[in-house]
Amino acid sequence: MRSTGKHQTTAAATGKKQPQQMDCSKSKELKKTQPSTFANTLVSQVQGQHAPVAAARSSEGGAGDGLAKCGKDRLVSLRFQNISLLHGDVKLLQEPNCGMNERLVAFYFAYLQHRRFKRQSQVYFMQPSLMQSLRQLSQRAMRREMCQRGLHETKFILLPLCAAPGSFNVDHEHWSLLLIARPERKLYYYDSMDNSHKQLAVALQQCLCMPLALTGFSLVVGRCLQQAHDEPHQSGIHLMCMADHVADYVLRCGYASSSLLIARDYVQGMRTVVLQHIQCMGGILPKKKRSSSEL
């Protein structure tokens with residue numbers, strides 16, 4: 001009986017200590033394994049705001065700006081570089097009051113990389129999907145991924161940024177452009193809405209500092225054509241125009257500029273240009289609905 005009592009007392013004592021020891025060990029393991037993600041960094045950098053999203057959010061229609069997503073039209077218009085453009089995506093191009101979603105931005109960046117600037121290895125157009133996947137990686141894994149792609153040595157890297165609704169006191173999704181220019185050791189940020197999303201670029205710069213070896217790089221707020229305040233859906237179109245212009249400029253000059261001289265007519269005609277690219281690549285465009293005046 002005495003030995004049993006001692007055994008019970010010892011077991012009770014150890015039983016009190018064991019949960020504490022397990023909690024401590026678990027917390028240590030969690031600290032070691034918890035990755036430093038884009039999301040954590042962005043939230044800590046932008047206090048008091050809704051968490052912005054760095055190009056891009058995963059949703060049925062993809063991230064985008066403006067009044068509409070891709071809708072329910074799931075027929076494929078074109079497959080290009082692992083990107084499937086749907087009829088609903090193309091309809092966003094056909095309607096002047098609709099914004100650009102993630103797939104449209106991904107398609108145009110892929111077009112620039114693999115068609116327009118196919119033989120230019122000095123410039124890299126980062127896909128929105130890659131930006132999204134990097135958010136789940138630790139700094140070490142992110143750096144390994146960047147090195148495998150050779151981005152730690154690429155002279156110019158163009159990153160599409162997308163802020164979610166509610167961030168930076170804006171009630172719609174918004175696209176902007178971040179350019180990493182190694183020759184000048186600078187990052188250029190171009191925003192068609194009065195640089196209202198600069199904090200997103202600042203947070204992203206700090207998050208990519210180690211993976212892309214950006215220590216000592218400064219952030220420069222560039223000047224670019226501004227969109228009308230009553231046209232929030234136009235930021236995706238501005239992004240496409242800026243990416244095309246920036247890539248052409250840096251490849252011709254060998255350095256970047258803080259000013260983008262883009263004509264308003266170029267922006268207004270960009271939807272037609274992208275639709276023509278889709279057609280030339282064998283894509284099938286959905287038929288436009290006739291307006292009441294045409295019937």
Restricting the range 241-255 to residues that are open to solvent by less than 10 Å² (accessible area, probe 1.4 Å) and touching a helix residue (DSSP H, G or I) at 6+ places or on another chain (Cβ under 7 Å), the one farthest from PHE117 (Cα to Cα) turns out to be CYS241
Condition met for HIS238 (buried (at least 21 other Cβ atoms within 10 Å of the Cβ), farther than 19 Å from PHE125 by Cβ and in contact (Cβ under 8 Å) with a residue 12 or more places away in the chain) = no
Picked from the range 258-290 (must be open to solvent by less than 30 Å² (accessible area, probe 1.4 Å) and either of a type in the set (A, V, I, L, M) or under 22 Å from the mean Cα position of the chain (by Cα) (or both)), the residue farthest from LEU78 (Cα to Cα) is LEU260
Scanning the range 227-257 residue by residue, the ones that are part of a loop (DSSP other than H, G, I, E, B) and more than 17 Å from LEU161 (Cβ to Cβ) total 7
Across the range 195-218, the tally of residues that are part of a loop (DSSP other than H, G, I, E, B) and at pLDDT 90 or above stands at 9
Within the range 75-116, the residues that are surrounded by 21 or more Cβ atoms within 10 Å (Cβ to Cβ), among the acidic types (Asp, Glu) and free of Cβ contacts under 8 Å to residues at least 40 places away in the same chain are ASP89
Screening SER176, SER121 for residues that are of a type in the set (Ser, Thr, Tyr) and assigned to a loop (DSSP other than H, G, I, E, B) leaves only SER121
Boolean, PHE117 is modelled with pLDDT of 90 or more and under 24 Å from CYS280 (Cβ atoms)
yes
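The values are calculated or read from the model by the stated rules, or taken from the named source; none is laboratory data. As the structure is a prediction and not an experimental result, all values here were calculated from the model. A quick note on method: Cβ atoms are made from the backbone with ideal geometry, for glycine too, and the neighbour counts reach across all protein chains shown. When the accessible area is computed, the model is the full protein with side chains, heavy atoms only, and any ligands, DNA or RNA have been set aside. Shrake-Rupley method; radii C 1.70, N 1.55, O 1.52, S 1.80 Å.
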